[in-house]
Amino acid sequence: MVHRVAVIGAGPSGLVSIKACLDEGLVPTCFESSDDMGGLWKFKEVSEPNRASIYRSLTINISKEMMCYSDFPIPADYPNYMHHSKILTYFRMYAEHFKLLEHIHFQTSVKRVTQRPDFAQSGQWEVVTENRAGLEERHVFDGVICCSGHYTYPNLPLKDFPGIETFEGKYLHSWDYKGPEDMYGKRVLVIGIGNSGGDIAVETGRFAEQVLVALALSLQDAPHGHECVLSCIWLVLQVYLSTRRGAWVIRQVSDNGLPVDMKYNTRFVHILFQLLPMNFFNWFGEKKLNAMYDHTMYALKPKHRLFSQIPVINDDLPLKILSGSVIVKPNVKEIRGSTVVFEDGSTVDKVDTIVFATGYNYDFPYLPSNTLYKSGHRVGLYKHVFPPNLEHPTLAVVGFIHALGAIMPQAEMQARWVTRVFTGQKKLPSNRSMIKAVEKDTNDIDKNYIVSKLTPLQVDFVSYMDEIAGEIGVRPSLLWLFFTDYPLFKKVLWGPVSAYQYRLMGPGKWNGARKAIFTQFDRMYQPLKTRKVVEQEPSFTGRLVKLSLTMMAGGAAAYYFHTRNPDTIPKLLSNLRPQTV
C-alpha cells in the first residue's frame, strides 16, 4: 500500500501533486532543486542548468479563469492575462492556503530514482538526493511522481545550419533570452515561429522602434542629411523571423474583447467537433483568421491545416509585420560569416545576433533507461501518466503533456487520478492492455497532428480532461445537470470548460464549484472596470434571432451527422449519463 510519496519538482505540477496526495491521506515529500517554488514561472536573471527559464517580460497566453486550479480561483482583480510575477504570486497563495510549503525541501536535487531490490513485492523506490550542502541522502518511498516538465533542456540543432561555425556574431537559444537590451543597435534573426519565437521577434522589434524614435528626435536639429542617417540606422535595427513551415496565428483578444479561450473553449463547441467533419472546422477557422489578416499576404501561411498543430498565440506579430519591424523569411539554408542565406535564395547581410527558438528536448535523467516504455520516438505513458511496463503502478509522470490549454488544470486532473491509483481506489488495466493503448495513442498523434520528435505530447484539451475525469469519477454529466440543475447545465454547456466543472460531483467535490462557475465572467470583467460606462441591454429580438439560428444550426448538424453515422449520437448520449464509481 502506498503511503509515502516523493514529488520531484515544485512547479505548478508539483504543487498540485502535493495537494492531491494530502487530499487522499498520503504523505508527500517534494524535492525542489531551486530556492523557490514555481518551476518555469520563477524568473531568474541568469538561466540555471537543468531548469526551465523565462524572459523578463513574459505574460501567459492563457486567461486566468482557464489556468487556475479547480478549487482556488485567481483573485478577481488580477488581469486576465498575467505577467509571470503575478502567476508566481498566485502559486504562493495556493501553497500557503493549502499548507504545502512544509512538504517542500528546497535546494535539494534528485540524483537517482531506482527500484528497491524487493520491488516485485513492495513496489517501493529508492530516491537519492543532494542537499544544499552537497551531501547525498537516501530515502525510501512507496510511490514517486515526476513533475520536472519538458522545458528544461534546450534544443540547439546547430548541425541543421551549415556554416554556423563561421558566424561572426552571437547566437543563443530562447532559453537564454531575458530581454531585448542586448539587441541594441543589432540586426537580429529569430529562428522558429512558436510562441517564444513570436514573442521575442515582437519584443526585439518594438525595442528597435523605440531606439529609432529616440535617434529621430536627437537628429531633428541636424542641418541636413538626417533622412539618410535615419535610413542607415533602420538597416541595423531590423528583426527577421525565419520559419520552416509557417504558422496559424490567433489573437488572445477575441470577439467582443473576450479572452479567446473563454469564448471558444466550450462544451458546445467541443460537441460540434465530435459531430462535424474536421475539414469543416479547418475551413471555418482559417477563413475567420484570414479575415483578420491574410496569412498568405503576411507570409505566415503554413503547409498544415489549422487544427493539425497548436497555433501561435500573438496579438502583436501581424502589426509588427505590417509596420516592417519584423520581416518573415523562410528556413535558413546556410550561414556565411555574418550573411544568412535562406532556402528561397534571398540573403541578409550583417546579422549580429541569432536567437534559436527551436524548442526543447525532454529527459528524465534521474530515472533508469529501462523504467520508461518507448513508443516510436516518444516516451510511452498510459494516458500520458503511467509507464505501462512496471509490475506495480507506483511511478507516475504529471504535467508531461501539450495542449491548446493551460498545464495547471491538466496536471491537477492527472495528480488526482494518480493519487487514487496509489491508494488503491482506482485500478489500472493489465500491462498488455496499457501498452496497446499507448501504441494507439502514438498512432493517433502521428495521424491527427503535425508534431516534431521534440513534442510528441499533443492532446485535445477538453477530450483529455474528460477522459481523465472519467477515470476519477468527476466528469460532469450534462444529462444529470439538465434535469437537476438547469441553470448550471446552461453554464456548463455554453460557458468555458474551466477546471471548476470537475469539482461539481464525485470524489473531491468542492462546495464552491457551482458559485465559481456562475461568477467566472464577473472575475474576468473585474480588472476591466476602471471607468464607469453605461451598458446597453441586449434586445429581445436579437436574443430570439440568435436562439433560432442556434437551434436551426444544431438541428441541421445533428440530422446531417445522424444520417451518415447513426450509432455516434446514441453513443454520445450514453456518455452523458451520471457516472458510478
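Quick notes on this one:
- Ranked packing of 392-404, 45-57, 348-360, most packed first, by mean Cβ within 10 Å: 392-404, 348-360, 45-57
- Once the Cβ-Cβ distance of ASP485 and HIS304 is raised to the sixth power relative to R0 = 51 Å, the FRET efficiency obtained is 0.80.
- Modelled this way, with points 7 Å down the Cα-to-C-beta line, the labels at LYS99 and THR423 are 1.7 nm from one another.
- Set of lysines with alpha-carbon distance to LYS374 below 17 Å, sequence-local pairs under 8 removed: LYS383, LYS436, LYS440, LYS453
- From phi via Karplus (6.51, -1.76, 1.60), per-residue ³J(HN,Hα) for the range 180-191 in Hz, x at Gly/Pro: x, 4, 6, 8, 3, x, 10, 9, 10, 10, 9, 9
- Listed residues VAL312, LEU322, GLY345: farthest to the positive end of the dipole of the range 283-388 (Cβ charges): VAL312
- Taking all Cα pairs closer than 8 Å and separated by 6 or more residues, the relative contact order of the chain comes to 19 percent.
- Lysine pairs within the range 457-566, Cα separation less than 28 Å, 8 or more sequence positions apart or different chains: 13
- Cross-link partners of LYS178 among aspartates and glutamates (Cα-Cα below 16 Å; sequence separation of 8 or more within a chain): GLU45, GLU48, ASP199, GLU203
- Label-point gap, in nm, between VAL253 and ASP567 - each point 7 angstrom along Cα→Cβ: 4.9
- Proximal lysine pairs, the range 234-347, alpha carbons under 26 Å, eight or more residues apart or interchain: 20
- Each of the peptides 302-313, 163-174 was scored by the mean count of other Cβ atoms within 10 Å over its residues; in descending order, highest first, they stand as 302-313, 163-174.
- Here's the picture: charge each Lys and Arg Cβ at +1 and each Asp and Glu Cβ at -1 in the chain, and of VAL533, LEU488, PHE43 the one pushed furthest to the positive end of that dipole is LEU488.
- Overall form of the range 413-453 per C-alpha gyration tensor (a/c, 1.5; a/b vs b/c): oblate
- A cut-off of 5 Å between modelled amide H atoms, ignoring neighbours fewer than 5 places along the same chain, links VAL190 with TYR240, LEU241, SER242, VAL355.
- Other residues with beta-carbon under 12 Å from the beta-carbon of THR266 carry, at +1 per Lys or Arg and -1 per Asp or Glu, a net charge of +3.
- By average C-beta atoms within 10 angstrom, highest first, the peptides 90-102, 422-434, 65-77: 65-77, 90-102, 422-434
- Extreme residue, positive dipole direction of the chain, given options ALA411, CYS30, ILE472 (C-beta unit charges): ILE472
- Annotation: per residue accessible area for the chain equals 48 Å², rounded to a whole number [probe 1.4 Å, protein chains only].
- Prolate/oblate/rounded label for the chain (Cα gyration tensor, a/c 1.5): oblate
- Table column - 3J(HN,Hα) (Hz), the range 133-142, Karplus curve with 6.51, -1.76, 1.60, x for Gly and Pro: 8, x, 8, 7, 10, 10, 9, 10, 10, 7
- Cα-based shape type of the range 454-533, given that a ≥ b ≥ c are square roots of the gyration tensor eigenvalues and the cut on a/c is 1.5: oblate
- Eligible aspartates and glutamates near LYS19 by straight Cα distance, threshold 19 Å, same-chain separation 8 or greater: GLU32, ASP36, ASP71, GLU96, GLU102, ASP142, GLU412, GLU471
- Residue-count net charge about ALA20 - beta-carbon cut-off 10 Å; Lys, Arg +1, Asp, Glu -1: 0
- Span-like helix ranges in the chain, DSSP H, alpha carbon extent 15 angstrom or more, Kyte mean at least -1.0: 12-23, 84-97, 195-218, 278-292, 407-422, 461-472, 540-564
- Placing unit charges on the Cβ atoms only, positive for Lys and Arg and negative for Asp and Glu, gives the range 1-151 a dipole magnitude near 300 debye about its Cα centre.
- Carbon + sulfur, % of accessible area of the range 301-397 - ligands and nucleic acids excluded, 1.4 Å: 48
- Summing Cβ point charges (Lys, Arg +1; Asp, Glu -1) relative to the Cα centre of the chain gives a dipole of roughly 1600 debye.
- Between VAL341 and GLU45, the FRET efficiency from the beta-carbon distance, with R0 = 30 Å, is close to 0.30.
The values are calculated or read from the model by the stated rules, or taken from the named source; none is laboratory data. Bear in mind that the values here come from a model prediction, so they are computed numbers and not experimental data. Virtual Cβ from ideal backbone geometry, glycine too; neighbours counted across all protein chains shown. To get the accessible areas, we keep the full protein, side chains included, count just its heavy atoms, and leave off ligands, DNA and RNA. Shrake-Rupley method; radii C 1.70, N 1.55, O 1.52, S 1.80 Å.
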